[in-house]
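The block underneath contains the structure these notes are about, expressed in C-alpha cells.
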Amino acid sequence: MMPMWSPATTLTLTTLIMSTLMALSSSNWMFMWASMELNLLSFIPVLASSKSNKEIEGGVKYFLAQALGSAMMLTSATMLWSPYSPLPSLMPMMLMTAVLLKLGSAPCHFWYPSVMGSISWSSCTILSSWQKLAPLSILIFFSLQSFNQILPVVAGMNALLGGVMGMNQSQLRTIMAYSSIGHLGWMMSFMIMNKPTMTMLYFMVYCSLIIPLFMMFNLLNLMTSKQLSKIPMISTSLQMSISIMLLSLAGLPPMTGFMPKLLTILVLADFNTTLIFILIVGSLMNLFFYLNIIINMFMSEQNMKTILPKQNMQKNKLILILSGLMTMGLAPMIM
C-alpha cells in the first residue's frame, strides 16, 4: 500500500516546490529573498520530522547557515541600490558570498558536509538536488554580469577542496557532500564562458545520478563505506548498479557523467588551461574515494547480515537497477 501523506506533509512539500519556482521567476532581490526564506522555512520541518537528535542537530545547523546567508543577502541587496551605502564597491562581493553560502560552495562550505552527515538519505537527496536549484540560478545571473574574475578561483577551489577533503572520510553521506562540492567546480566553469544552459545540463545529469544512488543507500540503510560488504549478500545486480553509478559520478568514459566533463574541457580548452588542470586533479581525487567505495564493496568479507527482508528487496530492485543503468543510457543523448 502507498503511504498516506498527512496534510502538514503535503503543505510542506508544496511550499518547498513553489518557493523555489518563485525564486526562479522573481524579478527583484526582495522578492527573491522572500522566496528563499520561504524555502528555508519549508525545508526545516522535513529535517525535523525525524525524532533522531542527530538529524534535529543537522536541521539547526542548516537553519543557522541559511539564516546567515539570508541576512547577508538582504543587507547587501539593500545597500547595493542605496545612495547612502558605506562601501558600495564591496556590496556585490558580499551579495555573491551570500549566494555561495546558501549554495554550500567553497569557501563558504563549512556547514554543508556537517549537515549532510547528520540527516537522513531522503533529506540528503533534497538538499543535494532541489535545494541547490535556486542559488545556482542566482549564481548564473552573477556570471552574466561582471564576476568572471572571481568565478575561476571559486571553481578551482571547489574542485580541489571537494577532492582533498573527501579522501579522508569514511561516512558515505560526508563523502557525497564533498563529491557535490567537487561537481560544483565543474558547473561553475561553464559560467565563466557565459553558458548557463550547459551549467543546468550538468546539474540535471548530476541529479539523475545521485537520486537513484541515494535511494539505494537509503534502501540498504548504509552509513559507512565498510557496510558496503553486505551488498553482494543481497544482490549482485545491486552491487553492479551502485558500481556503475559511482564510476559515472567519477566521470569515466563512456558513461553519462563523463560527457559533461568532456564538454567542459572542450569549452575551456582555448580559454583557461590552468583551470582545466585544476578540475582534472580534483576529479582524480574524487575518483580515488569512489574507487575506495567500490573496492570495499567487492573485496570485503561478506560476514554481515542483511537488514532488509528479501520480499522488500524484490519490490524495489528492478526500479533501482533500471535507474542505475541510466548512467550509461544517457551518454549518447548528451553527445
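Taking the criterion of being out of contact with any Lys or Arg (no Cβ under 8 Å at 6 or more places or on another chain) and either of a type in the set (Asp, Glu) or touching a residue at least 24 places away in the same chain (Cβ under 8 Å) (or both), the residues of segment 262-273 that qualify are Leu263, Thr264, Leu268, Asp270, Phe271, Asn272. Given the criteria within 17 Å of Leu101 (Cβ to Cβ), buried (at least 16 other Cβ atoms within 10 Å of the Cβ) and without any contact (Cβ under 8 Å) to a residue 40 or more places away in the chain, does Gly58 qualify? Spelling it out, it is not the case that Gly58 is within 17 Å of Leu101 (Cβ to Cβ), buried (at least 16 other Cβ atoms within 10 Å of the Cβ) and without any contact (Cβ under 8 Å) to a residue 40 or more places away in the chain.
Whether any residue in segment 111-130 is touching a Pro at 6+ places or on another chain (Cβ under 9 Å), over 18 Å from Tyr202 (Cβ atoms) and hydroxyl-bearing (Ser, Thr, Tyr) is what I want to check. Steps first, please.
Keep residues of segment 111-130 that are touching a Pro at 6+ places or on another chain (Cβ under 9 Å), which gives none.
Scanning segment 111-130, I find no residue that is touching a Pro at 6+ places or on another chain (Cβ under 9 Å), over 18 Å from Tyr202 (Cβ atoms) and hydroxyl-bearing (Ser, Thr, Tyr), so the answer is no.
Does Ala106 satisfy the condition of being under 27 Å from Val46 (Cβ atoms) and at pLDDT below 90?
On the way: under 27 Å from Val46 (Cβ atoms): yes; at pLDDT below 90: yes.
Against the criterion (under 27 Å from Val46 (Cβ atoms) and at pLDDT below 90), Ala106 qualifies.
Counted as qualifying within segment 222-291 are the helices (runs of 4 or more DSSP H) with 1 or more residues that are over 18 Å from the mean Cα position of the chain (by Cα), surrounded by fewer than 18 Cβ atoms within 10 Å (Cβ to Cβ) and small (Gly, Ala, Ser), namely 236-250. Looking only at segment 292-302, filter to residues that are part of a helix (DSSP H, G or I) and not aliphatic (A, V, I, L, M); which one of those is nearest to the chain's Cα centre (by Cα)? Ranking the candidates gives Asn292 first. Could you go through segment 35-47 and let me know if any residue there is touching a Gly at 6+ places or on another chain (Cβ under 7 Å) and in a helix (DSSP H, G or I). There is at least one residue in segment 35-47 that is touching a Gly at 6+ places or on another chain (Cβ under 7 Å) and in a helix (DSSP H, G or I).
Among the candidates Gln131, Gln66, single out the residue that is free of Cβ contacts under 8 Å to residues at least 40 places away in the same chain, at negative phi and out of contact with any strand residue (DSSP E or B) (no Cβ under 8 Å at 6 or more places or on another chain). Of Gln131, Gln66, the one residue that is free of Cβ contacts under 8 Å to residues at least 40 places away in the same chain, at negative phi and out of contact with any strand residue (DSSP E or B) (no Cβ under 8 Å at 6 or more places or on another chain) is Gln66. When segment 37-54 is filtered for residues that are among the charged types (D, E, K, R) and either surrounded by 16 or more Cβ atoms within 10 Å (Cβ to Cβ) or touching a Pro at 6+ places or on another chain (Cβ under 9 Å) (or both), only Glu37 remains.
The values are calculated or read from the model by the stated rules, or taken from the named source; none is laboratory data. Quantities reported herein were computed from a predicted structural model and do not represent experimental measurements. Positions of Cβ are backbone-derived with ideal geometry, glycine not excepted, and every protein chain shown enters the neighbour counts.
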